[in-house]
4 protein chains.
Amino acid sequence: MRKLNVAMIGGGFMGKAHAMAYAAMPMFFWPAPAIPVRKVVVDVNQEMAETARDRFGFEEASADWRAVVARPDIDIIDICTPNNSHAEIAIAAAKAGKHIICEKPLARTGEESKTMLDAVQASGSIHMVAFNYRRTPAVALAKKLIEEGRIGDILNFRGTYLQDWSADPDSPLSWRFQKSVAGSGTVGDIGTHVVDFARYLVGEIASVNALVKNHIPTRPKQAEGVDKLGVGGGDKNAERGPVDVDDEMLTMLKFANGAIGSIEATRNAYGRNNFLTFEIHGTKGSLAFNYERRDELQVMFADDIGDARGFRTVYTGPAHPYGSGLWPIPALGIGYGETKIVECFDLCTAIVTGKQPSPNFEDGYRIALIADAILTSGESGQWVDIA
Amino acid sequence: MRKLNVAMIGGGFMGKAHAMAYAAMPMFFWPAPAIPVRKVVVDVNQEMAETARDRFGFEEASADWRAVVARPDIDIIDICTPNNSHAEIAIAAAKAGKHIICEKPLARTGEESKTMLDAVQASGSIHMVAFNYRRTPAVALAKKLIEEGRIGDILNFRGTYLQDWSADPDSPLSWRFQKSVAGSGTVGDIGTHVVDFARYLVGEIASVNALVKNHIPTRPKQAEGVDKLGVGGGDKNAERGPVDVDDEMLTMLKFANGAIGSIEATRNAYGRNNFLTFEIHGTKGSLAFNYERRDELQVMFADDIGDARGFRTVYTGPAHPYGSGLWPIPALGIGYGETKIVECFDLCTAIVTGKQPSPNFEDGYRIALIADAILTSGESGQWVDIA
Amino acid sequence: MRKLNVAMIGGGFMGKAHAMAYAAMPMFFWPAPAIPVRKVVVDVNQEMAETARDRFGFEEASADWRAVVARPDIDIIDICTPNNSHAEIAIAAAKAGKHIICEKPLARTGEESKTMLDAVQASGSIHMVAFNYRRTPAVALAKKLIEEGRIGDILNFRGTYLQDWSADPDSPLSWRFQKSVAGSGTVGDIGTHVVDFARYLVGEIASVNALVKNHIPTRPKQAEGVDKLGVGGGDKNAERGPVDVDDEMLTMLKFANGAIGSIEATRNAYGRNNFLTFEIHGTKGSLAFNYERRDELQVMFADDIGDARGFRTVYTGPAHPYGSGLWPIPALGIGYGETKIVECFDLCTAIVTGKQPSPNFEDGYRIALIADAILTSGESGQWVDIA
Amino acid sequence: MRKLNVAMIGGGFMGKAHAMAYAAMPMFFWPAPAIPVRKVVVDVNQEMAETARDRFGFEEASADWRAVVARPDIDIIDICTPNNSHAEIAIAAAKAGKHIICEKPLARTGEESKTMLDAVQASGSIHMVAFNYRRTPAVALAKKLIEEGRIGDILNFRGTYLQDWSADPDSPLSWRFQKSVAGSGTVGDIGTHVVDFARYLVGEIASVNALVKNHIPTRPKQAEGVDKLGVGGGDKNAERGPVDVDDEMLTMLKFANGAIGSIEATRNAYGRNNFLTFEIHGTKGSLAFNYERRDELQVMFADDIGDARGFRTVYTGPAHPYGSGLWPIPALGIGYGETKIVECFDLCTAIVTGKQPSPNFEDGYRIALIADAILTSGESGQWVDIA
């Protein structure tokens, strides 16, 4: 069985999720497409890199990502750093002929994303962008039902991503609130997950018309080298710095296939934690999903008999996408980890088959163009076509 | 106790609901502000008027609404007819000095609504438009919590009204699909209920930006004098006539107070029956409501203690608005009837106190302007300010 | 159309519900089986009787139920008094040849109930006991699906009725806490509703094995002539009197047809308001119901296709039992009132057809025997067979 | 950081879950109490052992558990085999001075469990029984709230565990349907999880009174060496063998502290997948949990203000038990894996601190006694005291 040596750049909670997936993927999907080997983990701080090595079970630690990218024994570069470093690392990795998985959003802008796409297309790398939520089995089931025509032609899509970790004006000034690092706020951070759902499930988006808004213009600064987020985490008495990104976005959508839709995303929705939802109405039925109850897909078929029509609460299990690799009984429990294990499975499959996975940098680039268009429309108040 | 003689124009299911409310209101709210007397019911067809009299417990039947409106013994004109006759009847009733309750939407357009508003303002009538859903106790509780500042300043509003009774292309060509009678489709029929929620709970709407769409351009014609609606009700083999109204609308909203929001309404959402919802995020908490589970309001307070934060599922009862008049225990059961009983209570209270109820024709007119703006924006693709 | 003159004995919130049903039933079910006429309302206090007359729209008021029962113009005696007076009134009514609807439970004990059953059987009266919850359309749908064999043979039944209005030790000493008036506590008051569901949906109960418990042995006494209930209603400083009934019951069930089951009822379940539920598993599917969300029945069919199996959330409407008489769209809203309107429809139908309705005094008697057996088993700790 | 060498006996889906936990635990809980090392995996079939080694990332494979148990370099014996082999392996492991984690139920009977408890008590081993569900953060939160007195004294407990994987009479004759291997059916397999909840959250159980029933007396035999389970997995045409265990159990409970309760468990509940629930009512509030929506705990406090009382839907996250080690935002997603990662963390903590974890073999033994009592009561129809 082929081994694939992984170099993971950056840590944080994403490092945890990715490392777990590398270790667990073959346990779930067996025979595995390949065995990922946790070779080297990189952090700009050597001490933190060594801690990450011990914690995440990597063989080596390094503070020099360029050196690591250049190593001939590395197969996969896994980019878990803040958004502003994605492009530089990915382009270097592509030039070195590596396969790449990059955390979302692909980059800060469409333009920046395009440089990454150009690089991987030139190098022939396998490339993937980590919009993991579409790998929730219930979301993959929605895709399957749509592809099989079981809800007919799609009329509309409504998606939301609501969180509350930044609703407190005293929650700290993370890099996620700084345009130079993050590119945008809610739009890029969570709105793009819903855009990924929309493209995956309905099809290409032709144009958008958006409202984009900042609610909290300053936040408490954090000490150098620290980056916390979340309710209650801030220091009320700390000096405050400017937030130059959006807290909330609303957009209407026109799809290329004629469907219409909307997306709402905010990190200021008290009581919503990871309320990533969609509802889709078709000419033969409907689907609804809420990631907070991610074992379930709501499925309605118009031709169900008269006195027993209604949304079915389908718990995903062995009969559903990825089911053979996951747990033997529905509702045994899909967590965040499982979405990352499936992602890892699809990445390794792509590498051994040589067939690009989805979403890849092409998708990441198109999503970035849509994010750009949302921001542009938010300023102009006009419909903006996607290039 | 003062008696108020009611003349009800038109029947259908609304006649049932209103008649029940007239009979039941004093049973629920005692001492009642007044005793409504079901004096006369009007239908253009004399035989149907007499049936309505027997069925709905009125003293008299008539086929001549003009004659009834002119009767000096009538206090209240209750308009339950299709939208295209609202203005003529209401203006005549106002000229005759009657108090008026008119089913929603107030009229087919803002302009037509304005003629009605002018008439009641000239006559000094008490006037009400029957957006009954805001009288669901859980919605009234939302209003109370907002007014008391318990969720802070409102950041946004998201409302939906999803039904599926017209999703079947063979459901019949009711008057609700004909612009000349209805004025518009989903926008006026159900979208206006959400607009009413938005204005009631958040405040005046300053501008809108909408998508408006027809999905099903023709439907089977019905026999003369018949007007059915609903899934499965149509005759596939009947001649088809054109639908010239919208099936679906999406709109973004800017409120005068700076909040933003969105509304989605459709009658083509398979599996949704009366899915009238809102979610509101404020600087101190959130609210969420779904009429399909109308005994409940979801309430979240940001300052709840750390390990016990979350939406509370509050079942309305005696401790809530209108609670003293309704049932003695929460969840004993609020149905459509109760919303109409409360509406009748508020109408009678308004008449005996001389203080206009809400929503009144002023509200109905403003809602009609917003509906017009949604339709205009749907054509232009531009933000449209509300006059 | 035949008219049926009603004399209602007792008021309270039940008087409201019944009076509304008499007024509204023909509005909903037309042509009505008969037109109920609110002839006379009785209260031991003449002044309260007159208030009830005005409030509930009766023609006359009386303080003498015996005189009313004797009146030849009365067709129906409607008993809404506390449990200890049911037998005396019902027996007198039967002797006078009246049709009778009696609030639940039928009487304080099986023995007392038997005297009532004997009386109505001797007189040939139509008789009904007001277990209204089975007339919720979703419950009637469950019955229909079971009768049609759509969930196969029933394996088990689990029912609960959880409330919290007496959870506060300072909630007042209502008659519902006094054995001499109520007969029992939770068992008779709410447990019997679940027993009614069990018999209606599954079949006759053969034996029970129960735990019965009092949690709060004393409560604040109320002033003479006052009888409030509910959280927060009590006077902490008032003299306390003994509670000699149960606060909670658990019972296991063996049905005559081999199914098994359980019932839990309590009025001390903080956070549960009217949590009347059942879940039924059969050899071909399952059903689940919660009255707090009473527009819905959860329906699961075992033979649904592999990737779309799950409980369907069916909202009742025109396609379901009683649907033609109720509202034109599912989820428009079933409240407590609608259950009573349906009950009135079935009572009047029974009277005009001469065919006993269900549940009638025979059912009420059998339910009383089961309640007795639960109390007996609660003391003995043994299985108790139902006679 | 101390390393702990693990020998895992047996595989199947439990092997996957445990292996993942060994790999992932330090990634989540850092600094980890110890680093588990996947040293050797054992299967009676050498080839399957080698496959398990490669798949689950162990260093070695063996077909001889006795030899492995005797190895001096092994710290932990992890028993994932069918129930009938637990005792022999555990006793040998204890004699060899190993720490032990054993899958649930501890053994087939109380008597058998006692031999295991005696062995570990004699050896001084750290011992744990893998009732993992109590390590769901929402369940641990329930424990915390109860211990802090926030719902007052507990009045009752209602637990269920409903599945449907054996509802089909043609699902195969797994060892789980054979008393000689499994000890019992639903009682031991899933009922014991609820018993674990009851003891953990409420306290020791004093006596039980149960109904125990087999619904499907024969099932299709499987080929030698194969053991599948689940709907649709069976061969209708295969020879059938006898099922000598229970399919369903109901029991009433009396706790030593005066609380009462009930448990229902079945694997024949169509539409329920992993419906492991509890509801607890106390004198100051209530709790409710459903593992199918395991990120959530429903929490109700009686002293919440009058118009905002209701169950709070609390999504567990960093503010809750185990939160610092899991995901940074509530509802990011707790799956089955996370429960096992937490279990592994608690096991390793116990070993390095020398303090027995909970539930340990003492708990496993007491749970086995309760399972025995349920079976005994199911036959006798009497209350059975727990020794």
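The values are calculated or read from the model by the stated rules, or taken from the named source; none is laboratory data. Just so it is clear, the structure is predicted and the values come from calculations on it, not from any experiment. Quick reminder, even Gly has a Cβ in these numbers, built from the backbone with ideal geometry, and neighbours come from all protein chains shown.
Data overview
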{"read-out": "Residue count for the range B:222-246, restricted to those that are touching a Phe, Trp or Tyr at 6+ places or on another chain (Cβ under 9 Å) and within 13 Å of another protein chain (Cβ to nearest Cβ)", "value": "5"}
{"read-out": "Answer residue from the range A:263-294, given it is in contact with a Gly (Cβ under 7 Å, 6 or more places away or on another chain) and of a type in the set (D, E, K, R) and is surrounded by the fewest Cβ atoms within 10 Å (Cβ to Cβ) among those", "value": "A:Lys284"}
{"read-out": "Given (1) of a type outside the set (D, E, K, R); (2) in contact with a Phe, Trp or Tyr (Cβ under 9 Å, 6 or more places away or on another chain); (3) within 16 Å of A:Phe345 (Cβ to Cβ), number of the condition A:Met1 does not satisfy", "value": "(2)"}
{"read-out": "Given (1) part of a helix (DSSP H, G or I); (2) in contact with a Leu (Cβ under 9 Å, 6 or more places away or on another chain); (3) touching a residue at least 12 places away in the same chain (Cβ under 8 Å), number of the condition D:Arg66 does not satisfy", "value": "(2)"}
{"read-out": "Residue list for the range C:46-74, filter: touching a strand residue (DSSP E or B) at 6+ places or on another chain (Cβ under 6 Å), of a type in the set (Asp, Glu) and farther than 27 Å from B:Ala21 by Cα", "value": "C:Asp73"}
{"read-out": "Qualifying positions in the range A:305-345 - more than 13 Å from chain D (Cβ to nearest Cβ), modelled with pLDDT under 95 and either in contact with a strand residue (DSSP E or B) (Cβ under 8 Å, 6 or more places away or on another chain) or under 17 Å from D:Glu338 (Cβ atoms) (or both)", "value": "none"}
{"read-out": "Positions within the range B:346-365 being closer than 29 Å to B:Val314 by Cα, hydroxyl-bearing (Ser, Thr, Tyr) and either at pLDDT below 95 or under 14 Å from the mean Cα position of the chain (by Cα) (or both), in sequence order", "value": "B:Ser358"}
{"read-out": "Residues (touching a residue at least 24 places away in the same chain (Cβ under 8 Å), assigned to a helix (DSSP H, G or I) and not small (Gly, Ala, Ser)) located in the range A:34-54", "value": "A:Met48"}
{"read-out": "Members of the range C:262-297 found to be over 16 Å from the mean Cα position of the chain (by Cα), over 19 Å from C:Ile154 (Cα atoms) and of a type in the set (Phe, Trp, Tyr), listed by number", "value": "C:Tyr270"}
{"read-out": "Top-ranked residue of the range C:7-24 - restricted to ones that are more than 10 Å from every other protein chain (Cβ to nearest Cβ) and crowded, with 24+ Cβ neighbours inside 10 Å, ranked as farthest from the chain's Cα centre (by Cα)", "value": "C:Ala7"}
{"read-out": "Yes/no for D:Val314 being under 26 Å from A:Thr313 (Cβ atoms) and buried (at least 24 other Cβ atoms within 10 Å of the Cβ)", "value": "yes"}
{"read-out": "Only listed residue being crowded, with 21+ Cβ neighbours inside 10 Å, over 25 Å from D:Lys143 (Cα atoms) and β-branched (Val, Ile, Thr), chosen from D:Val226, D:Val202, D:Val212", "value": "D:Val212"}
{"read-out": "Answer residue from the range B:346-361, given it is over 16 Å from B:Arg134 (Cα atoms) and in contact (Cβ under 8 Å) with a residue 60 or more places away in the chain and is farthest from the other protein chains (Cβ to nearest Cβ) among those", "value": "B:Gln356"}
{"read-out": "Residue in the range B:6-16 that is in contact with a Gly (Cβ under 8 Å, 6 or more places away or on another chain) and either aromatic (Phe, Trp, Tyr) or assigned to a loop (DSSP other than H, G, I, E, B) (or both) present", "value": "no"}
{"read-out": "Boolean, D:Pro36 is under 18 Å from D:Thr353 (Cα atoms), at the interface with chain A (Cβ under 9 Å from one of its Cβ atoms) and touching a helix residue (DSSP H, G or I) at 6+ places or on another chain (Cβ under 7 Å)", "value": "no"}
{"read-out": "Filter pass, B:Gly323 being surrounded by 21 or more Cβ atoms within 10 Å (Cβ to Cβ) and either among the β-branched types (Val, Ile, Thr) or assigned to a loop (DSSP other than H, G, I, E, B) (or both)", "value": "no"}
{"read-out": "Residues being more than 12 Å from chain B (Cβ to nearest Cβ) and either in contact with a His (Cβ under 7 Å, 6 or more places away or on another chain) or on the phi > 0 side of the Ramachandran plot (or both) - total across the range A:133-166", "value": "5"}
{"read-out": "Test result for D:Met300, within 14 Å of chain C (Cβ to nearest Cβ), touching a strand residue (DSSP E or B) at 6+ places or on another chain (Cβ under 9 Å) and within 30 Å of C:Gly306 (Cα to Cα)", "value": "no"}
{"read-out": "Qualifying strands (runs of 3 or more DSSP E) (wholly inside the range B:130-232; at least 2 residues being charged (D, E, K, R))", "value": "none"}
{"read-out": "Answer residue from the range B:247-281, given it is over 24 Å from B:Leu145 (Cβ atoms) and among the basic types (Lys, Arg) and is nearest to the other protein chains (Cβ to nearest Cβ) among those", "value": "B:Arg272"}
{"read-out": "Set A:Glu248, A:Glu224: member being out of contact with any Pro (no Cβ under 8 Å at 6 or more places or on another chain) and within 27 Å of B:Asp307 (Cα to Cα)", "value": "A:Glu248"}
{"read-out": "Selection count, the range C:286-314, where residues are in contact with a helix residue (DSSP H, G or I) (Cβ under 8 Å, 6 or more places away or on another chain) and in a strand (DSSP E or B)", "value": "8"}
